[in-house]
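**Q** There's a structure below that I have some questions on.
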Amino acid sequence: MNPRRPNRIDQRLVRALGHPLRVKILEVVQLRKASPSELTDLLQAPLGNVAYHVRVLEKCGCIEQVATARRRGAVEHYFRARPRSYIGHRDWRKVPKSLRDAVTGASLGTFFDKAADALEAGTIDARDDTTLSWMPMAVDTEGWAEVTAVFEAVNNRLEAIHELCRRRMERSGDEATPLVVGMAAFEPAPQDFVPEVGSAMDTRGADGGAPEADGVVEDDGAPGASV
């Protein structure tokens, strides 16, 4: 990322997270490479919409084309997530403070959905080594910085493990085991806080148009699909 153009970077990050279908696409291509036609089948969304959002993610630098292949007389383009493109990475915190609620809301929404689905499916406790813990803490300024440093170190190690696993599976052909890892350290609401009724963020359909996180509708629409 170019530090001399922070505003552009902010807007690209916000655009990438500006539609729920893009979040789902990123989740898939974090685990494996996929083409728009494969994503259409996996996500049960129209090919034109999927191809459109794939192009947006590619322009934003979140995914990259890694292969092509002929299939049924057409050339399919395969994409994979670029390093550090996953939702919630600290780079996403670089968006303007006025827009962080939308970014954080989308991150939490995706995580809560994953956890709720796993609970309902019975997979969240299927393994004896599943990890689920949280703890309240009281810290000073120095302690807050120390906790942040611990999380950053763990995050870097998780990124390294993810990349090593991806390389091993490419060589071995072994099937990936999906794993959701969530980390959070934040200041909670005051004890006397009362949430406003109807203040929850609006959730849009995954196959709808292409409004952005700042409410601006993209003017290039979702034209004919490419696979």
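The values are calculated or read from the model by the stated rules, or taken from the named source; none is laboratory data. Values in this document were obtained by computation on a predicted structure and should not be read as measured data. Here Cβ is always computed from backbone atoms with ideal geometry, including for glycine, and neighbour counts include all displayed protein chains.
**Q** Is at least one residue of the range 57-72 farther than 20 Å from GLU159 by Cβ, modelled with pLDDT under 80 and either among the polar types (S, T, N, Q) or surrounded by fewer than 19 Cβ atoms within 10 Å (Cβ to Cβ) (or both)? Lay out the reasoning, then the answer.
**A** The first filter runs over the range 57-72 and keeps only residues farther than 20 Å from GLU159 by Cβ, leaving 58-59, 65, 67-72.
Checking which are modelled with pLDDT under 80 leaves us with 72.
Restricting the remaining residues to those that are either among the polar types (S, T, N, Q) or surrounded by fewer than 19 Cβ atoms within 10 Å (Cβ to Cβ) (or both) gives 72.
Yes, the range 57-72 contains a residue that is farther than 20 Å from GLU159 by Cβ, modelled with pLDDT under 80 and either among the polar types (S, T, N, Q) or surrounded by fewer than 19 Cβ atoms within 10 Å (Cβ to Cβ) (or both).
**Q** Looking at the range 22-43, which of the residues that are in a loop (DSSP other than H, G, I, E, B) and in contact (Cβ under 8 Å) with a residue 60 or more places away in the chain is surrounded by the most Cβ atoms within 10 Å (Cβ to Cβ)?
**A** So, considering only residues that are in a loop (DSSP other than H, G, I, E, B) and in contact (Cβ under 8 Å) with a residue 60 or more places away in the chain, the one surrounded by the most Cβ atoms within 10 Å (Cβ to Cβ) is SER35.
**Q** Hey, could you check the range 151-160 for residues that are surrounded by 12 or more Cβ atoms within 10 Å (Cβ to Cβ) and without any contact (Cβ under 8 Å) to a residue 40 or more places away in the chain and say which is farthest from ALA189 (Cα to Cα)?
**A** LEU158
**Q** Could you check the range 1-39 and list, in sequence order, the residues that are farther than 25 Å from HIS162 by Cα and modelled with pLDDT of 80 or more?
**A** If the condition is that a residue be farther than 25 Å from HIS162 by Cα and modelled with pLDDT of 80 or more, then SER37 is the only one that fits.
**Q** Also, I was wondering about something else. Could you figure out which of (1) aliphatic (A, V, I, L, M); (2) surrounded by fewer than 10 Cβ atoms within 10 Å (Cβ to Cβ); (3) in a helix (DSSP H, G or I) isn't true of LEU164?
**A** Result: LEU164 passes all but (2).
**Q** Additional query: Would you confirm, using the coordinates I've provided, whether HIS53 is modelled with pLDDT of 80 or more, crowded, with 24+ Cβ neighbours inside 10 Å, of a type outside the set (A, V, I, L, M, F, W, C) and closer than 22 Å to LYS114 by Cα? Working first, answer last.
**A** Working: modelled with pLDDT of 80 or more: yes; crowded, with 24+ Cβ neighbours inside 10 Å: yes; of a type outside the set (A, V, I, L, M, F, W, C): yes; closer than 22 Å to LYS114 by Cα: yes.
Here the answer is yes, as HIS53 does meet what is asked.
**Q** Another question about this same structure. Cβ-Cβ distance below 6 Å, separation of 6 or more or different chains: which pairs start in the range 105-130 with a residue that is under 20 Å from VAL23 (Cβ atoms) and end on one that is assigned to a helix (DSSP H, G or I) and of a type in the set (A, V, I, L, M)?
**A** Here the result reads THR110/VAL23, each pair linking the range 105-130 to a residue that is assigned to a helix (DSSP H, G or I) and of a type in the set (A, V, I, L, M).
**Q** Pull out all pairs, ordered by first then second residue, where Cβ-Cβ is under 9 Å, the residues are six or more apart or on different chains, the first lies in the range 167-183 and is under 18 Å from ALA67 (Cβ atoms), and the second is modelled with pLDDT under 90 and among the basic types (Lys, Arg).
**A** Note: pairs meeting the criteria are MET169/ARG32; ALA176/ARG32; ALA176/ARG166.
**Q** Determine whether ALA189 is small (Gly, Ala, Ser), touching a Phe, Trp or Tyr at 6+ places or on another chain (Cβ under 9 Å) and within 17 Å of THR104 (Cβ to Cβ).
**A** So ALA189 does not fit the description; no.
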